[in-house]
Amino acid sequence: MASVVANNLTKQYGKKKDLVQALKGVSFEVEKGELFGIIGPDGAGKTSLFRILTTLLLPDGGAASVDGLDVVKDFKAIRQRVGYMPGRFSLYQDLTIEENLEFFATIFNTTIQENYDLIKDIYSQIEPFKDRRAGKLSGGMKQKLALSCALIHKPSVLFLDEPTTGVDAVSRKEFWEMLRSLKEQGITILVSTPYMDEASLCDRVALIQNGTILSVNTPDGVIASYKHPLVAVKDDNMLQLLNLLQQYEGGLDAYPFGEYHHVVLKDGYTTASVTTYLQEQQLDHVNVHSIRADIEDCFIALMKTESHEHK
Ligand SMILES: Nc1ncnc2c1ncn2[C@@H]1O[C@H](COP(=O)(O)OP(=O)(O)OP(=O)(O)O)[C@@H](O)[C@H]1O
């Protein structure tokens, strides 16, 4: 049985000219024990979706279930079963680390001791500072405390809304390792993120933009579905280079990517055609080489296709 099912969910805010269609018919299923990513830019609808699935917000249309329970009718039962770590810091700033955790344990009729095994790996890293107020913690420590609080009642499904936003690269990596080990313990995890590189750490990912899911696939499946030739190009004057590449008739798209620009080519165009074109523009020593698309290239392509179709 699927652990989470969303079926044609819609949500809108405001009225008339202020109307925002935050979710435009979102459907997907998450299997039990999956680590499922929802990837999308700011404003894509991730928080609205998570708030509906955790029963904090009512959908305007469609239906959704968690562990077979309906998010509208069975909201009380769902709340006992899910853990939710909201995007914005949700802890009590004036309570200490330990008091925050005790508070969450008490609401769920449990104790820190009872489920200590589940949080041990995460909580033991901040336990030496257990008397420090939450408001005085670093971003990485707050994140570990918030995750411990979301887990303290041993949820069967964990919802994490942008847990790594604003967190440094080392803490981000550690955080994903923690998620992997939680998954090993059988917890279903839905995690949203604006960082496309995190997609490759999930079992499957849904790409969301403007309230619409553009693709649901495994990271390998996303990459395998990419069909265009792709080249990486680098020169001393990257701005001038980008302008020229964006005017190139053999190119479908050109965008900055780390130290390089990536150019998506029309079928039949090659590294040699790009080099010839740049030579015609008096750029004789440009580094052009063919590359395999990574997951970010695939998402960029999907998002651009979608926005062109709606122009
Ligand atoms: N209470 C609200 N009233 C009006 N508009 C809202 C409200 N909440 C969200 N929105 C709008 O709905 C859209 C989706 O927002 P949502 O927060 O779900 O997206 P998100 O992907 O989580 O983005 P972010 O990371 O910026 O929160 C955005 O355009 C947002 O401005």
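Taking the numbered list (1) at pLDDT below 95; (2) closer than 20 Å to Ala22 by Cβ; (3) basic (Lys, Arg) in turn, Arg51 passes all entries but (1). If you go through the stretch 113-150 and keep only what is part of a loop (DSSP other than H, G, I, E, B) and either buried (at least 17 other Cβ atoms within 10 Å of the Cβ) or not assigned by TED's automatic domain parsing to the domain that holds Gly186 (or both), you end up with Asn115, Ile126, Leu137.
The residue pairs whose first member lies in the stretch 145-167 and is within 17 Å of Gly135 (Cβ to Cβ), whose second member is away from the ligand (no atom under 16 Å from the Cβ) and part of a loop (DSSP other than H, G, I, E, B), and whose beta carbons are closer than 8 Å, counting only pairs six or more residues apart or on different chains, are Leu145/Leu91; Leu145/Ile126; Leu145/Leu137; Ala146/Leu91; Ser148/Ile126; Cys149/Leu91. Among the candidates Ala272, Ala254, the residue that is without any contact (Cβ under 8 Å) to a residue 12 or more places away in the chain and either farther than 27 Å from Ala22 by Cβ or assigned by TED's automatic domain parsing to the domain that holds Val191 (or both) is uniquely Ala272.
Taken over the stretch 74-112, the residue count meeting the criterion of being touching a residue at least 60 places away in the same chain (Cβ under 8 Å) and part of a helix (DSSP H, G or I) is 2. Leu58 meets each of the listed conditions (1) within 10 Å of the ligand (Cβ to nearest atom); (2) without any contact (Cβ under 8 Å) to a residue 24 or more places away in the chain; (3) part of a loop (DSSP other than H, G, I, E, B) apart from (1).
The selection criterion, being surrounded by fewer than 16 Cβ atoms within 10 Å (Cβ to Cβ), at pLDDT 95 or above, in the same structural domain as Gly40 (by TED's automatic domain parsing) and closer than 23 Å to Trp176 by Cα, does not hold for Asp197.
The values are calculated or read from the model by the stated rules, or taken from the named source; none is laboratory data. Please read all numbers here as calculations on a predicted model, not as lab measurements. Here Cβ is always computed from backbone atoms with ideal geometry, including for glycine, and neighbour counts include all displayed protein chains.
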